[in-house]
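Working notes, beginning with the structure itself.
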Amino acid sequence: MVAVIRELLNKDQVKAIAAKLFSAQFVDGSSSGGPLGKDIKKNTQVPPNSPHYREMSEMVLGAIRANETVAIKGMPRRILSPIFASYMTGNQYGEHIDAALMGPYPGMRTDLSMTIFLNKPDAYEGGDLVLSTDFGEMVYKENPGDAVLYPTHYLHRVNPVTKGRRLAIVTWMESMIPDPMKREIIGDLAETQAILTSSNVDKKAVLMLEKGRLNLMRMWAQT
């Protein structure tokens, strides 16, 4: 399951974050890339002790928690503080898989990853987010404020930036439904219910569908 979420951050939020990043201090980002980071990750990121980090982080986390698509597709239980990343010409992040556990010991299980784009696609060349899925490679280079939500177990990469500067936010979620197949089933049922609710079908059918979705959540959810 991969979901492109349009305008997860609105224009004002993107503008506010971009303004803060303009004057922010960036440090070497390879340290957050695990044991292979120094070999495959070439970028910079804003350190958590940066003056504007907390304000930007709260803005992003608030937008994620309020987003209906995230709630339906991800059903997040916990969300990690985001990373604000910069890719200049020559920077890239080679093919990798994100850590299964992140954060302070014992760590948070990572079920879903999210990339939020901050600048226009024509502001830089290269820098595509590429996911290796069961259906082949999927390539993303979205508009400012748009996000891509995808299973953390996918191999993925950021192609080399050949011109300009790529700004993006990344974060990870632990879902209440750990199993990706079960999570997709519940998400599909929620979308079907929304479609039926907006049509003229028998309300009893919608009610029974909702009953099945909620009972599956009772069976599978870990809170």
Packing-ranked peptide list from 89-98, 209-218, 191-200, 40-49, highest mean Cβ count within 10 angstrom first, is 40-49, 89-98, 209-218, 191-200
Note on the chain: contact order normalised by length, alpha-carbon pairs under 8 Å, 6 or more apart, percent, works out to 25 percent
Note to self: with every protein chain in place and a 1.4 Å probe, the stretch 89-223 gives an accessible area per residue in Å² of 52 Å²
A 1.4 Å probe over the protein heavy atoms gives the chain a carbon and sulfur accessible-area percentage of 56 percent
Everything considered on the Cα gyration tensor (a ≥ b ≥ c; rounded for a/c under 1.5, else prolate if a/b is larger than b/c, else oblate), the stretch 1-43 must be described as oblate
Contour minus Cα-Cα span, residue 32 to residue 218, at 0.36 nm per residue, comes to 63.4 nm
Expressed in angstrom and rounded, the centroid-to-centroid distance over alpha carbons for the stretch 94-135 and the stretch 7-52 is 13 Å
Checked the chain with the C-alpha gyration tensor, a ≥ b ≥ c its square-rooted eigenvalues, rounded below a/c of 1.5, otherwise prolate if a/b is larger than b/c and oblate if not; verdict prolate
Given unit charges at Cβ for Lys, Arg (+) and Asp, Glu (-), the dipole magnitude of the chain about its Cα centre in debye, nearest 20, is 420 debye
Residue-ordered couplings for the stretch 133-143, obtained by feeding phi - 60° into the Karplus form 6.51 cos²θ - 1.76 cosθ + 1.60 and rounding to whole Hz (Gly and Pro as x), are 10, 5, 9, x, 6, 10, 10, 9, 8, 9, 7
Applying the gyration tensor rule to the Cα atoms of the stretch 1-77 (axes a ≥ b ≥ c; rounded if a/c under 1.5, else prolate if a/b exceeds b/c, else oblate), the class is oblate
Probe 1.4 Å, heavy atoms of protein chains only: per residue, the accessible area of the stretch 1-65 in Å² is 60 Å²
Placing +1 on each Lys and Arg Cβ and -1 on each Asp and Glu Cβ in the stretch 148-212, then taking the dipole about the Cα centre, the residue among 196, 207, 167 whose Cα reaches farthest towards the positive end is 167
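The values are calculated or read from the model by the stated rules, or taken from the named source; none is laboratory data. As the structure is a computational prediction, the values presented were derived from the model and not from experiment. Positions of Cβ are generated from backbone atoms using ideal geometry, with glycine treated the same way; all protein chains shown enter the neighbour counts. What goes into the accessible areas is simple: the full protein's heavy atoms, side chains included, and nothing from ligands, DNA or RNA. Shrake-Rupley method; radii C 1.70, N 1.55, O 1.52, S 1.80 Å.
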